[in-house]
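Single-structure report; data block below.
The values are calculated or read from the model by the stated rules, or taken from the named source; none is laboratory data. Computed from a prediction, not measured in an experiment: that's the story for all the values here. Cβ placement follows ideal geometry from the backbone for every residue including glycine, while neighbour counts extend to all protein chains displayed.
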Amino acid sequence: MRFPSRPATIAAVAAVAALALTSCGTGAPEGGGTVTLTIAANAISGGKNSESADWIKRWVIPEFEKTHQNVKVLFQPSGVDDEQYKTKIALDLKAKAGADVIDLDGIWVGEFAQAGYVKPLAEVGGAAVESWEGWSQIPQAVQGLGIFDGKKYGLPQGTDGRVLYYNKALFRKAGLPEEWNPSGWQEIIDAGVKLKAAGVPTPIQINAGTAMGEATTMQGVLPLLAGAGAEIYSQDKWTGASQALKDVLGFYQRIYGGSGLGDPKLQQEAKGRDKSFARFAEGEIAILAEGDYFWRSVIEPAAGVAPMKDRDQVVGYTKIPAKEPGAGIRGQDHTSMSGGAVRVLNPFSKNPRLAWELLAFMHSADATTSQLAGQVRISSRTDVNDEVLAGDPMLRYVADEVLPITAFRPGLAIYPQVSVLLQEATAEVVAGGSAEEAAAAYQAKLEGLVGGAANVSG
Amino acid sequence: MARPTSAGDAGGDAAGLGRGRAVAFVLPALALVGVFLVFPALWTIYLGLTDYRLTGLAAAEPRVVGLDNYTGALADPEFLRSLWLTLGYVGGSAIVGQAGLGFTLAWILRTRRGRLRGLVEGVVLLSWILPSTVVGFLWFALLDRDDGTLNALLGTPGLGWLLDHPLLSIIVFNVWRGTAFSMMLYAAALENVPPSHLETARLAGASVPQQLRDVVFPLIRRHVLTNLLLISLWTFNDFTPFVLTGGGPEGRSEILPIYVYDVALRGGELGAGAAVSFLILLINLVIALAYLRLLRGRRREAVHDAAAKGPPA
């Protein structure tokens, strides 16, 4: 607290310094002597995305070093909120430093590319990139996660889908069916009312507010908006305070506006999302909207951050319903949103060719299979998915039922700012404001952001 | 106190260095000040005039946008709210809290010796020397809504101190955190108050408030002002509350340093962040100048008093 200087600068300098220190080793020249490569990911053993961290340390590094003499691979872990990780990596690349192979959320690729922080893979990695065997195994839609302006910037690690998780034990207690398939928003509210009456402290958790960051937009606003028939960006216009958006905010109001169905404070707390995980695991939250990440990394019985020993028996999952049957985008009855992480090459790497070899190695069929041995997920490679997903009915469900109806966020640099406006709109509702007011405030801010009412629809 | 002889006094070369060597001695220091202080400050002013961003097109090619960032910030209700919160935070935790509690402790302990004094000083100092992040998380654990120690002690499970009273929480936190400095400074200042003056006042029937007003404060006024100047500036630029509340809920504890972090790093608007930083610099300057003016005013009065009395025999 005793720094007589501006904290933003201190934070920036500290972040850059921390990263500069860890990347010191990359200075060795290519060929001759020992070369060091560094991998950065928002994963850390015993914490966030623990399985990925362990996979990198126990499989990727030893296997790669086995075939590459004189190469030393280091792992630079993080275990923080996505927004903080993004800031750290951006500062890193801004200082032309950082790890050689970097994990990014696919949605950041556009803004990083525009800033010149990442370059197309072929520009960094050379001719070997185009001839890589893996491209043919990655479906076009999934490749899209790493593409910006028609150029490939990153290798996708896989994709995901969003569903409603529910606690079957609590449902039984409230006299609700254990095989639950809500066909509209009203049925979610109805279930919530019954659960509340049966003594469940927090029947429904739909992420809201700014503290949850992108999790609010991705797990809450956007799937709901799609269920009300609108996409956030379509035909070159951003969705403003349209009826669809008002419906979404109205749904939030029914949950957080005094009905007791949701816990408004949980949405405002600095660690609210982590707490929502813990509460679901403890049986205090009955219905929760999340991605398949929740299934494989959060309530996973062994290595999850909020493990549920009886996950496979107790936790049910169902597609997120549209407002009413057929009211979703493309006339759908259910909706989802998808995203996914990519790995990029640091354009300022001292050993770009070697870095590409490492990156390609991490996305080989062997590597992907080995990663999935620790943690089943929907990988980017069809050949591996066919083999592995059979072992996990939930992920099979996402791959077969959810991905066909899913939608993606617009890969535009301005999207994250629009996302913040959506989070602020939900925050206003959670704090007790009306959906109408929140929508009007959102509209005004959106017009200021995207350059006038001409770029806003609704 | 005598003022230094004014510049231009031809016979003022007391060290006998000559102009050239004198300049050579000062130059390294000036270069350091220039590189590490003046240049970053000027750079901040320049950045504040651009639309520079952390990512996206404007990160590669920032454009000069004139005073837009400044007018934008001054018209932003969040900036104004943040400014008021900061003033409340400084007033509550530094000026009232730390200085008040620090003086009270120093006053009570001034005649004590031995274990009790050592214990109190030790505990107060400990809260000051622990690393910020460590105490931040300790306080987070204390005030947390779900498993917080305070709720366990009071038997009030589920009371969200950081959510319902975010500003009050960080004020109490900072009083706890920073009282040591004021206490030590006032303890040293009180040593300078001759016990005979207090004794005389007491014999004349002065109550404790009267003693403080008429004997103690006139003698330690300079210390009080210096202390207030320092802790005001420190607290104004304090970032530690971020560990407790993250500026939330919904900005209700977002003091200016956290606002800058939010704008510049989380929101990626480095240009706007630089503009706000510069505004903070200006506000700090105003605070510092106000205190210095008070200090100087006191000093001049003291000189006048001394002159009126004449030199001691």
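Observations, loosely collected:
- A:A302 surrounded by fewer than 18 Cβ atoms within 10 Å (Cβ to Cβ) and either in a strand (DSSP E or B) or among the hydrophobic types (A, V, I, L, M, F, W, C) (or both): yes
- Only one of the numbered conditions (1) away from every other protein chain (no Cβ under 14 Å); (2) surrounded by 14 or more Cβ atoms within 10 Å (Cβ to Cβ) is violated by B:G136, and that is (1).
For every residue, the table says whether it meets (1) surrounded by fewer than 18 Cβ atoms within 10 Å (Cβ to Cβ); (2) in contact (Cβ under 8 Å) with a residue 40 or more places away in the chain; (3) more than 15 Å from A:H363 (Cβ to Cβ).
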{"site": "A:V118", "(1), (2), (3)": "no, yes, yes"}
{"site": "A:G126", "(1), (2), (3)": "yes, yes, yes"}
{"site": "A:G154", "(1), (2), (3)": "no, yes, no"}
{"site": "A:T159", "(1), (2), (3)": "no, yes, no"}
{"site": "A:Y165", "(1), (2), (3)": "no, yes, yes"}
{"site": "A:P177", "(1), (2), (3)": "yes, no, yes"}
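- Taken over region B:201-253, the criterion of being within 14 Å of another protein chain (Cβ to nearest Cβ), part of a helix (DSSP H, G or I) and farther than 20 Å from B:A99 by Cα is satisfied by B:F242, B:V243, B:L244, B:T245.
- Within the span defined as region B:87-108, one or more residues are within 30 Å of A:K86 (Cβ to Cβ) and surrounded by 12 or more Cβ atoms within 10 Å (Cβ to Cβ).
- Of everything in region A:440-456 that is more than 25 Å from the chain's Cα centre (by Cα) and crowded, with 18+ Cβ neighbours inside 10 Å, the residue that is nearest to A:A215 (Cα to Cα) is A:Q443.
- Breaking point among (1) under 13 Å from the mean Cα position of the chain (by Cα); (2) within 14 Å of chain A (Cβ to nearest Cβ), for B:I170: (1)
- Restricting the first member to region B:40-60 and to residues that are within 13 Å of A:L93 (Cα to Cα), and the second to residues that are polar (S, T, N, Q) and outside any helix (DSSP H, G or I), no beta-carbon pair is closer than 8 Å while six or more apart or on different chains.
So that you can scan it fast, the table gives a plain yes or no per residue for (1) within 11 Å of chain A (Cβ to nearest Cβ); (2) touching a strand residue (DSSP E or B) at 6+ places or on another chain (Cβ under 8 Å); (3) modelled with pLDDT under 90:
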{"site": "B:L27", "(1), (2), (3)": "no, no, no"}
{"site": "B:L30", "(1), (2), (3)": "no, no, no"}
{"site": "B:V33", "(1), (2), (3)": "no, no, no"}
{"site": "B:F36", "(1), (2), (3)": "yes, no, no"}
{"site": "B:L42", "(1), (2), (3)": "no, no, no"}
{"site": "B:I45", "(1), (2), (3)": "no, no, no"}
{"site": "B:G56", "(1), (2), (3)": "yes, no, yes"}
{"site": "B:A59", "(1), (2), (3)": "yes, no, yes"}
{"site": "B:P62", "(1), (2), (3)": "yes, yes, yes"}
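- Any hit, region A:260-279, residues being surrounded by fewer than 23 Cβ atoms within 10 Å (Cβ to Cβ), basic (K, R) and not in a helix (DSSP H, G or I): yes
- Pairs, first within 12 Å of chain B (Cβ to nearest Cβ) in region A:398-418, second part of a helix (DSSP H, G or I) and of a type in the set (K, R), C-beta under 9 Å, six or more apart: A:P416/A:K86
- Residue check, B:V96 within 14 Å of chain A (Cβ to nearest Cβ) and within 15 Å of the chain's Cα centre (by Cα): no
- Helices (runs of 4 or more DSSP H) wholly inside region A:71-157 containing at least 2 residues that are closer than 29 Å to A:A215 by Cβ: A:82-94, A:109-114, A:140-143
- When residues of region B:254-290 are limited to those that are at the interface with chain A (Cβ under 9 Å from one of its Cβ atoms) and among the hydroxyl-bearing types (S, T, Y), the one surrounded by the most Cβ atoms within 10 Å (Cβ to Cβ): B:S277
- Cβ pairs under 9 Å, 6+ apart, first in region B:206-222 and of a type in the set (F, W, Y), second surrounded by 16 or more Cβ atoms within 10 Å (Cβ to Cβ) and modelled with pLDDT of 90 or more: B:F217/B:V224
- Residues of region B:175-190 satisfying the condition of being closer than 16 Å to B:Q211 by Cβ and not hydrophobic (A, V, I, L, M, F, W, C): B:Y186
- Sub-8 Å Cβ pairs linking a first residue in region A:344-357 that is in contact (Cβ under 8 Å) with a residue 60 or more places away in the chain to a second residue that is hydroxyl-bearing (S, T, Y), at least 6 apart or interchain, are A:V344/A:Y153; A:P347/A:Y117; A:S349/A:T26; A:K350/A:T26; A:N351/A:T26; A:A355/A:S349, ordered by first then second residue.
- The condition (being of a type in the set (S, T, Y) and modelled with pLDDT under 95) is satisfied by just one residue among A:T318, A:T368: A:T368.
- In a residue-by-residue description of region A:168-176, the property of being away from chain B (no Cβ under 14 Å) and closer than 21 Å to A:A270 by Cβ applies to no position.
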